[in-house]
Ligand code: 5GP
């Protein structure tokens with residue numbers, strides 16, 4: 001049985017760095033590579049960051065039920081392909097999904113055992129500063145992202161955990177602790193517990 005870790009955050013809250021950090025610290029975690037219709041940015045690689053596909057292709061796949069969840073975000077489609085789950089199960093690893101609030105809602109409905117985590121920036125001012133520091137976006141885009149962040153943040157109460165990202169190292173430690181706690185749940189431990197109990201029964 002694998003566990004899905006669903007992580008959502010407003011853009012600019014440092015989510016990608018955080019996810020990257022936690023994957024370095026915690027073994028047997030794999031990043032779920034989504035499908036998207038948006039164009040690749042910077043160093044992004046097809047098949048590593050996303051699978052980049054056209055709108056028609058995406059719509060056909062969505063129609064065919066290939067996605068575990070999908071949503072339109074900032075005018076582009078994004079979706080988690082069902083095969084990502086099978087691949088993780090085959091490899092015996094847990095899956096980290098960086099998806100938006102709409103996708104997280106769909107996923108929780110389908111897989112209630114998924115562990116959801118919402119990342120909050122320390123304040124609006126801090127988020128604004130981080131968005132400006134990235135300096136990829138125009139003033140207009142920054143303003144829009146701040147408004148969207150305010151909308152997204154309202155959804156925090158649907159998540160199992162909330163993490164305030166003040167400093168990436170400390171946040172990565174916390175996220176790693178959440179993963180470890182989920183892995184220690186009794187229902188996940190059954191296989192490991194059985195042989196231990198048997199040693200007591202045989203005594
Ligand atoms: P970006 O274009 O900046 O990589 O991502 C934009 C937003 O899309 C982020 O909030 C990210 O979490 C979300 N996103 C990425 N992949 C998926 C996905 O497969 N499903 C959904 N619902 N959202 C996604």
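Please give the peptides 192-201, 12-21 ranked by average Cβ packing (other Cβ atoms within 10 Å per residue), highest first, as a rough proxy for protection. Could the numbers behind the result be given before it?
On the way: 192-201: 8.5, 12-21: 18.7.
The packing order, highest mean first, is 12-21, 192-201.
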Between the helical axis of 124-134 and the dominant principal axis of the chain, each derived from Cα atoms, what acute angle in degrees is found, rounded to the nearest 10?
80 degrees
Simple spin-label model, 7 Å along Cα-to-Cβ: residue 133 to residue 59 in nm?
4.1 nm
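Using 1/(1 + (r/R0)^6) with R0 = 22 angstrom and r between the beta carbons of residue 187 and residue 87, what's the FRET efficiency to the nearest 0.05? Before the final figure, lay out each step's value.
Numbers: r = 22 Å, r/R0 = 1.02.
About 0.45, to the nearest 0.05.
Relative to the present Cα-Cα distance, how much length would full extension add between residue 194 and residue 140 at 0.36 nm per residue of separation? Before the final figure, lay out the partial values.
Values: separation 54, 0.36 × 54 = 19.44 nm, distance 5.84 nm.
So the extension gain works out to 13.6 nm.
Using only alpha carbon positions, build the gyration tensor of the chain, then give the equivalent ellipsoid semi-axes as the square roots of 5 times its eigenvalues, largest first, whole angstrom. Kindly include the intermediate steps, with their values, before the conclusion.
Numbers: eigenvalues 203, 96, 43 Å².
Semi-axis lengths for the chain are 32, 22, 15 Å.
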With the 8 Å Cα cutoff and a minimum separation of six or more residues, the stretch 4-197 has a relative contact order in percent of 31 percent
Is any residue of the stretch 25-55 close enough, with backbone N under 13 Å, to a label point placed 7 angstrom from the Cα of residue 16 along the Cα-Cβ axis, and if so, which?
39-46, 48-50
In the stretch 4-197, what % of DSSP beta bridges are antiparallel (nearest 5)?
30 percent
If 178, 117 are placed from fewest to most neighbouring beta carbons inside 10 Å, the sequence is 178, 117
In which sequence would 55, 25, 130 go, from the one with the fewest C-beta neighbours within 10 Å to the one with the most?
55, 25, 130
Stretched out fully, how many nm does the piece from residue 158 to residue 30 gain, at 0.36 nm a residue minus the Cα gap?
43.7 nm
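Relative contact order, percent, of the stretch 27-92 when contacts are C-alpha pairs under 8 Å separated by at least 6 residues?
Details: 79 pairs, mean separation 23.2, N = 66.
That works out to 35 percent.
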Considering the zone a paramagnetic label at residue 147 would reach in this model (a point 7 Å from Cα along the Cα-to-Cβ line), which residues of the stretch 103-134 have amide N under 20 Å from it?
124-132
Please report the spacing between the Cα centers of the stretch 37-59 and the stretch 144-158 in Å, no decimals.
25 Å
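Rule-based calculations on the coordinates, nothing more; no lab input. The structure displayed is predicted, hence computed values, not measured ones. Counting neighbours? That spans all protein chains shown, and the Cβs are built from the backbone with ideal geometry, glycine included.
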